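See structure below.
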Amino acid sequence: MSDKRPIGVFDSGVGGLTVVEQIRKILPGEDIIYFGDTARVPYGTKSKETITKFSVENVEFLMEKDVKLVVVACNTASSLGLDFLKRCFRVPIIGVIEPGAKGAVSLTRNNRIGVIGTNATISSGAYEKAIRKINPGIFVSKASCPLFVPLVEEGWADMPVTGQIASIYLTPLKSTKIDTLIMGCTHYPLLRETIQRVMGRGVMLVDSAKEVAREVKTILDSAGGLNTGGRKGKINFFVSDEPFRFVSVAERFLRRKISCVKRAV
Ligand code: DGL
């Protein structure tokens with residue numbers, strides 16, 4: 001059995017491409033429709049009501065494209081809007097929080113996990129809840145790192161200032177003796193080296209993007225919904241604002257040229 005319909009992925013902007021990359025690695029034959037809400041980014045500073053409203057509209061857009069499954073690539077939208085989305089739509093909807101939490105719980109040896117993300121993700125407590133649902137005995141420490149997103153988008157991932165800011169954000173977490181850290185924001189995998197340097201080699205970094213891609217494969221596999229046939233999947237990108245900036249940042253994220261970016265509205 002096979003389902004040729006595309007997978008829908010949405011994010012507040014360009015960051016969800018880290019999730020797209022991981023899906024492409026694991027499921028190269030799948031077509032993907034990506035929606036980046038570039039007119040309304042960032043979500044990380046907004047309220048639950050606003051993020052939920054935007055998320056519903058984003059899923060409605062993807063449903064019009066006849067997707068077989070929706071991935072909420074945005075950690076902030078997954079933290080605050082996922083439960084509501086699951087109640088509103090019949091298509092399977094997967095967020096990044098549970099897969100990221102599962103990945104971290106399976107890695108930790110000392111039962112001490114750290115989480116970093118946007119202000120909204122961290123104050124929602126979503127990762128903590130997901131971790132404690134799996135193992136209530138795990139200690140969780142957390143920190144919001146709001147400057148990481150603009151630094152990555154500016155192409156400053158390797159600049160000394162980014163290392164200094166990372167030290168300021170992460171030093172208090174280090175002192176909580178965690179052995180595992182969830183990079184709970186779409187942009188943070190692009191800062192992996194800096195984060196690893198500050199945290200030290202003994203701390204294992206969890207990329208929620210990788211974990212969610214594995215989950216997508218498991219779900220499609222068990223529902224007989226994989227796009228089999230050895231073909232190479234296509235990606236169509238849609239954005240809610242003028243595509244120019246999206247294209248330049250996206251090409252940096254993906255380290256290749258992209259085409260097929262359309263304005264959705
Ligand atoms: N995509 C968001 C996230 O993963 C980061 C950017 C934003 O604040 O919208 O939380």
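The values are calculated or read from the model by the stated rules, or taken from the named source; none is laboratory data. Because the structure is a prediction, the values reported are computed rather than measured. Quick reminder, even Gly has a Cβ in these numbers, built from the backbone with ideal geometry, and neighbours come from all protein chains shown. These area figures cover heavy atoms from the full protein model, side chains too; ligands, DNA and RNA do not enter into them. Shrake-Rupley method; radii C 1.70, N 1.55, O 1.52, S 1.80 Å.
Brief remarks follow.
- Net charge of Cβ neighbours under 11 Å - reference THR121; Lys, Arg +1; Asp, Glu -1: 0
- q = 0.07, 0.09, 0.10, 0.12 Å⁻¹: log10 I(q)/I(0) that the Debye formula gives for the chain, counting C-alpha atoms only: -0.22, -0.37, -0.46, -0.67
- Pairs of Cα atoms nearer than 8 Å and 6+ residues apart set the relative contact order; for region 166-265 it is 22 percent.
- Each Lys and Arg contributes +1 and each Asp and Glu -1, all at the Cβ; summed about the Cα centre of the chain, the dipole is approximately 540 debye.
- Cleavage-rule hits, GluC sites (Glu not before Pro), region 141-244, DSSP coil, Cβ neighbours within 10 Å at most 13: GLU154
- Loop-located trypsin sites (Lys or Arg not before Pro) across region 86-164 with a Cβ neighbour count of 11 or fewer within 10 Å are ARG90, ARG109, with loop assigned by DSSP.
- For region 69-163, the square roots of the Cα gyration tensor eigenvalues, ordered a ≥ b ≥ c, give a/c of at least 1.5 with a/b no greater than b/c, which places it in the oblate category.
- Accessible area expressed per residue, region 147-240, with surrounding protein chains retained (probe 1.4 Å, Å²): 46
- What region 1-83 shows is 34 Å² of accessible area per residue, with the surface traced by a 1.4 Å probe over protein heavy atoms.
- Euclidean distance between Cα centres, region 121-139 to region 1-37, Å: 26
- One chain, two ends: GLU242 and SER259. Fully extended at 0.36 nm per residue, the span grows by 4.7 nm beyond their Cα-Cα distance.
- When the solvent-accessible area of the chain is split by element, carbon and sulfur atoms take up 55 percent of it, the probe being 1.4 Å.
- The relative contact order of region 3-122 comes to 29 percent, based on Cα pairs under 8 Å that sit 6 or more residues apart.
- With all protein chains modelled, accessible area of TYR169 [1.4 Å, Å²]: 50
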